[in-house]
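Colleague: Pasting in a structure now, in structure tokens, and then I'll have a few things to ask.
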Amino acid sequence: MKNEKELYLAYLHDIQRYKLLSAQEEEELSRKIEDGDNVAFKKLVNANLRLVVSIAKKFGTSTKFSAMDLIQEGNLGLMTAAKKYHYSFSTKFSTYAYAWIFQYMLRFVHNKTGMIEIPHRKEELLRQIEGAKSELRKSFGREPTAEEIAAFLELPKEEIKSAVSCDFSYTSMDVLCSDDGTETLGELLPDMTFNPEREYLEKEARIDVADLLKILPEKERIVIFGRYNFARHQRSATLREISESLGVSAETVRQMEMRAVKRLKLACAV
């Protein structure tokens, strides 16, 4: 059995036998295709197979897909172009076909590219596992186990399980999923951004802390308020920032903080 590279080289060799066409020949073939001539259609397609290969090479440098997969899709675009091309168009067929070939390849890449990227080796292994599952289902008449898949592919069971753990599926949030078909998946998912119980408990905790801070002297209260960011700024205030606002040294602020924390601990212990 030929590998991917051998198939690609054999294909390149095979399409070399089709000669390129002149503008006049393209026009003649287009007229015949309009009349339903299938031979003319095949001739126009075959003469432009090398165009598909050249476009696939450009795609191949930026995607993980094989050249033969891209060529296969590009050939579908080429055949569509051959059906739609008309001799009255003021352009060469290759120029017209380029857009169709590119579109088919681009659609193939988008459809085959997952929303979550996984390593190429694991992606290839997942394809092998799916192929093995299909073969084993035919033989067993049931879903094969990980051990049976591993034996079929001659790979360690742990490697199969690791690859399968990377497999995933996704769906649209707008898909209808209720019994009466009126609610979407997104509407049935709980909103985790708002929790009334948590909001209430946090509010009560802030009130309790505010009451507790009242036992502190004013300057110590300012220090604790800034150091523990009770004002909910982007960050807590530094010793230097508080010292500048109080007109004392940073060391004094540090000592005030230690005394305030000790007072609060004693108050909580009572």
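Colleague: Residue check: is SER169 closer than 30 Å to ILE129 by Cβ, at pLDDT below 75 and open to solvent by 100 Å² or more (accessible area, probe 1.4 Å)?
Modeller: Numbers: closer than 30 Å to ILE129 by Cβ: yes; at pLDDT below 75: yes; open to solvent by 100 Å² or more (accessible area, probe 1.4 Å): yes.
Considered against the rule, which asks whether it is closer than 30 Å to ILE129 by Cβ, at pLDDT below 75 and open to solvent by 100 Å² or more (accessible area, probe 1.4 Å), SER169 comes out as yes.
Colleague: Taking region 55-87 only, how many residues are modelled with pLDDT of 90 or more, loosely packed, with under 14 Cβ neighbours inside 10 Å and more than 19 Å from LEU20 (Cα to Cα)?
Modeller: Residues flagged as modelled with pLDDT of 90 or more, loosely packed, with under 14 Cβ neighbours inside 10 Å and more than 19 Å from LEU20 (Cα to Cα) within region 55-87 amount to 1.
Colleague: For GLU244, all conditions in the list (1) open to solvent by less than 100 Å² (accessible area, probe 1.4 Å); (2) over 45 Å from the mean Cα position of the chain (by Cα) hold save one; what is the number of the exception?
Modeller: Among (1) open to solvent by less than 100 Å² (accessible area, probe 1.4 Å); (2) over 45 Å from the mean Cα position of the chain (by Cα), GLU244 violates only (1).
Colleague: Inspect all residues belonging to region 73-82 and state whether any of them is more than 17 Å from PHE108 (Cβ to Cβ) and assigned to a helix (DSSP H, G or I).
Modeller: Filtering region 73-82 for residues more than 17 Å from PHE108 (Cβ to Cβ) gives 82.
With assigned to a helix (DSSP H, G or I) added as a condition, the list becomes 82.
Yes; the residues of region 73-82 include at least one that is more than 17 Å from PHE108 (Cβ to Cβ) and assigned to a helix (DSSP H, G or I).
Colleague: Here is a further query. Please give the number of the condition ASN38 fails out of (1) farther than 23 Å from ALA99 by Cβ; (2) open to solvent by less than 70 Å² (accessible area, probe 1.4 Å); (3) among the polar types (S, T, N, Q).
Modeller: (2)
Colleague: Is there a residue being open to solvent by less than 90 Å² (accessible area, probe 1.4 Å), among the basic types (Lys, Arg) and touching a helix residue (DSSP H, G or I) at 6+ places or on another chain (Cβ under 9 Å) anywhere in region 221-239?
Modeller: Yes, that holds for at least one residue.
Colleague: For region 80-110, give me each residue that is farther than 18 Å from PHE41 by Cα and of a type in the set (Phe, Trp, Tyr).
Modeller: PHE102, TYR104, PHE108
Colleague: Being among the polar types (S, T, N, Q) and open to solvent by 40 Å² or more (accessible area, probe 1.4 Å) is the filter here; which residues of region 7-35 pass it? Write out each step before concluding.
Modeller: Going through region 7-35, the residues among the polar types (S, T, N, Q) turn out to be 16, 22, 24, 30.
GLN16, SER22, GLN24 - these are the residues of region 7-35 that are among the polar types (S, T, N, Q) and open to solvent by 40 Å² or more (accessible area, probe 1.4 Å).
Colleague: I would also like to ask the following. Select the helices (runs of 4 or more DSSP H) contained entirely in region 188-253, then report the ones holding at least 2 residues which are at pLDDT 90 or above and within 20 Å of CYS268 (Cβ to Cβ). Even if it seems obvious, please write down each step before you answer.
Modeller: Values: elements: 196-213, 218-227, 239-246.
Filter on region 188-253 gives 218-227.
Colleague: Would you point out the residue of region 88-99, among those that are touching a Phe, Trp or Tyr at 6+ places or on another chain (Cβ under 9 Å) and aromatic (Phe, Trp, Tyr), that is most open to solvent (accessible area, probe 1.4 Å)?
Modeller: Among them, the one singled out is PHE89.
Colleague: Would you pick out the residues in region 32-46 that are within 20 Å of THR95 (Cβ to Cβ) and touching a helix residue (DSSP H, G or I) at 6+ places or on another chain (Cβ under 8 Å)? Show your work before the answer.
Modeller: We begin by selecting, within region 32-46, every residue within 20 Å of THR95 (Cβ to Cβ); these are 33-34, 40-41, 43-46.
Across region 32-46, the qualifying residues are ILE33, ALA40, PHE41, LYS43, LEU44, VAL45, ASN46.
Colleague: If the Cβ limit is 8 Å and pairs must be 6+ apart or interchain, which residue in region 131-152 that is within 19 Å of SER165 (Cβ to Cβ) pairs with which residue that is among the aromatic types (Phe, Trp, Tyr) and not in a loop (DSSP other than H, G, I, E, B)?
Modeller: Going by the 8 Å Cβ cut-off, the qualifying pairs are ALA132/PHE152; PRO144/PHE152; GLU148/PHE140.
The values are calculated or read from the model by the stated rules, or taken from the named source; none is laboratory data. Keep in mind that what you see is a predicted model, and the values were worked out from it rather than measured. Heads up, the Cβs are rebuilt from the backbone with ideal geometry, glycines too, and the neighbour counts pull from every protein chain shown. Surface areas here come from the heavy atoms of the whole protein model, side chains and all, with no ligands, DNA or RNA. Shrake-Rupley method; radii C 1.70, N 1.55, O 1.52, S 1.80 Å.
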